[in-house]
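The values are calculated or read from the model by the stated rules, or taken from the named source; none is laboratory data. Only a predicted model underlies this, so the values are computations on that prediction, with no experimental measurement involved. A quick note on method: Cβ atoms are made from the backbone with ideal geometry, for glycine too, and the neighbour counts reach across all protein chains shown. Ligands, DNA and RNA are stripped out before the accessible areas are found, and what is left, the full protein with its side chains, is counted by its heavy atoms. Shrake-Rupley method; radii C 1.70, N 1.55, O 1.52, S 1.80 Å.
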Amino acid sequence: MLAASSGRKSRGLRDALFLFDPESIREVCVVPNFISEGYFTQTVIPRELELNGRATKRPSGQTWKYCEPVGNHPAVTELLLQRAREVAPGVDPSETSLLIVAHGTDLNENSAVAAKREAEKIRALGKYSSVLNVYMEEPPLISDWRKLTKTRNVVVVPFFISDGLHSYEDIPRLIGIVVAAGVDRGRPGSAPPATAPGQIFRGNPYRVDGRSLFYAPSIGTDPGFADIIIEQALNAKS
């Protein structure tokens, strides 16, 4: 099984063609470690791994199965709910807004569509006062969260496969939270220190404009995604 992500350079992807001995390994499952379909899953990975569909038969007789991205798995919905509960323990969902934050861009609308899909599924459960899909670069903007929500509690979950600049700095700046020597939390317009990126998730709840703001790590960091990778591979084999 090969889990492919954007962190693996194209040269590394091409090298994967030679990693599996066709005499001893007759089938290879490729699982895109992405939150949604997009340029990498639809173009780059198939091109670099010479895949011509969901199943590609090599001249050696080895079969390569191309799986759905991990973000397409239905278990992602429950992981989002679980992450929201973990970051805001004891908080009444009926008095809470849940914001699922994706990048949002004109270059690829798929991540925006995936966030909208998950928001709709959670909204239909009726657990939270409101559930919104919001974006960094297109409306509805995460920076407008004060206008978009009315509840006293707001939970923000980045809909990304891993933590990085967006979750450590960009989104915290857009929502107006800080981590500064254990004090100063909740002052709008200040950036968290770059020296301790993980600290941003340990300052909950942040008090902003009289409301409690809970900020979670990216959903893809949940250990449950390892199980999803395995399940996507098993689904491709069935």
Task: the stretch 19-39, subset under 14 Å from the mean Cα position of the chain (by Cα) and open to solvent by 10 Å² or more (accessible area, probe 1.4 Å), residue nearest to residue 234 (Cα to Cα) - done: 33
- [ ] List the number of the failed condition for residue 76; all other conditions in (1) modelled with pLDDT of 95 or more; (2) in contact with a helix residue (DSSP H, G or I) (Cβ under 6 Å, 6 or more places away or on another chain) hold.
- [x] (2)
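Can you pull out every residue in the stretch 116-138 that is surrounded by fewer than 16 Cβ atoms within 10 Å (Cβ to Cβ) and at pLDDT 95 or above? Quick ask: steps written out before the conclusion?
Filtering the stretch 116-138 down to residues surrounded by fewer than 16 Cβ atoms within 10 Å (Cβ to Cβ) leaves 120, 123-127, 130, 137-138.
Across the stretch 116-138, the qualifying residues are 120, 123, 124, 125, 126, 127, 130.
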Task: Selection status of residue 77, of a type in the set (S, T, N, Q) and farther than 18 Å from residue 221 by Cβ - done: no
Open item on the list: Go through (1) open to solvent by 60 Å² or more (accessible area, probe 1.4 Å); (2) at pLDDT 95 or above; (3) not basic (Lys, Arg) for residue 66 and report which single condition fails.
Closed with: (1)
